[in-house]
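What follows is a set of notes on a single structure, which appears directly below.
The values are calculated or read from the model by the stated rules, or taken from the named source; none is laboratory data. Nothing here was measured: the structure is a model prediction, and the numbers come from that model. As a convention, Cβ positions derive from the backbone with ideal geometry for all residues, glycine included, and neighbour counts pool all protein chains shown.
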């Protein structure tokens with residue numbers, strides 16, 4: 001019989017197979033939406049789930065840096081929901097591209113999770129997510145970051161370990177919708193930063209303005225367009241799940 005680590009790896013590998021989408025009716029989808037909102041809207045739950053949204057935000061910067069052939073030198077995460085990703089390489093458009101892919105990424109990932117649930121690839125999405133979170137631990141450069149990213153990795157591995165194909169679908173729906181809502185919440189937060197003109201150094205839109213000389217409101221609007229597109233893209237998979245359940 002395989003040992004613990006070997007069995008975990010086996011379950012991660014087994015996740016990369018096509019399964020059946022969750023059978024969720026309209027009432028079930030409503031419950032899932034309420035659970036997602038409960039994770040990402042109330043302050044108490046947001047204190048915890050918002051940390052995961054920050055992880056996804058910073059991993060978006062890291063992925064964009066790697067795609068533009070830059071070297072990611074570290075990720076810093078803090079318990080106040082702030083974070084920093086540093087990279088080295090040629091600047092110019094590469095720097096702007098890397099800076100842009102922060103705020104929209106939780107929405108993009110959320111839409112991908114919803115699509116995965118609707119098409120039977122939920123277990124694969126959870127397995128891939130677990131691998132990414134574990135691998136990203138080597139980039140963390142502070143103790144709070146180890147706690148935050150490590151906790152996210154443990155939670156994702158627990159979903160793979162204890163979840164089956166059906167529960168993976170439910171988990172992807174909840175996480176995907178919660179990330180979509182969380183992305184909207186973070187966008188509203190950064191807009192408030194610009195309205196109040198406080199802590200502008202924490203705003204990717206402000207940093208993009210300095211890099212490109214394009215006004216920050218344009219970047220805020222571009223963030224909103226990508227987030228809105230992700231929200232719109234999630235409607236069809238959700239409708240497909242509800243329609244499939246109605247036919248069944």
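At a glance:
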| item | result |
| --- | --- |
| Given (1) within 22 Å of residue 199 (Cβ to Cβ); (2) surrounded by fewer than 20 Cβ atoms within 10 Å (Cβ to Cβ); (3) within 18 Å of the chain's Cα centre (by Cα); (4) free of Cβ contacts under 8 Å to residues at least 40 places away in the same chain, index of the condition residue 146 fails | (1) |
| Residue match in the stretch 164-182 (condition: within 22 Å of the chain's Cα centre (by Cα), crowded, with 19+ Cβ neighbours inside 10 Å, in contact (Cβ under 8 Å) with a residue 40 or more places away in the chain and farther than 30 Å from residue 11 by Cβ) | no |
| Criterion violated by residue 78 - all others in (1) surrounded by 14 or more Cβ atoms within 10 Å (Cβ to Cβ); (2) touching a residue at least 40 places away in the same chain (Cβ under 8 Å); (3) within 29 Å of residue 121 (Cα to Cα); (4) touching a helix residue (DSSP H, G or I) at 6+ places or on another chain (Cβ under 8 Å) satisfied | (3) |
| Which numbered condition residue 98 fails, given (1) in contact with a helix residue (DSSP H, G or I) (Cβ under 6 Å, 6 or more places away or on another chain); (2) surrounded by 15 or more Cβ atoms within 10 Å (Cβ to Cβ); (3) under 17 Å from residue 145 (Cβ atoms) | (3) |
| Residue that is surrounded by the most Cβ atoms within 10 Å (Cβ to Cβ), among those in the stretch 18-38 that are outside any helix (DSSP H, G or I) and in contact with a helix residue (DSSP H, G or I) (Cβ under 7 Å, 6 or more places away or on another chain) | 22 |
| Within the stretch 93-109, tally of residues that are within 14 Å of the chain's Cα centre (by Cα) and in a helix (DSSP H, G or I) | 5 |
| Condition check for residue 225: in a helix (DSSP H, G or I), out of contact with any helix residue (DSSP H, G or I) (no Cβ under 9 Å at 6 or more places or on another chain) and modelled with pLDDT of 95 or more | yes |
| Qualifying residue in the stretch 85-94 (condition: in contact with a helix residue (DSSP H, G or I) (Cβ under 6 Å, 6 or more places away or on another chain), over 15 Å from residue 175 (Cβ atoms) and at pLDDT 95 or above) | yes |
| Any hit, the stretch 185-204, residues being farther than 20 Å from residue 77 by Cβ and crowded, with 20+ Cβ neighbours inside 10 Å | no |
| Any hit, the stretch 55-62, residues being surrounded by fewer than 21 Cβ atoms within 10 Å (Cβ to Cβ), closer than 21 Å to residue 181 by Cβ and touching a helix residue (DSSP H, G or I) at 6+ places or on another chain (Cβ under 7 Å) | no |
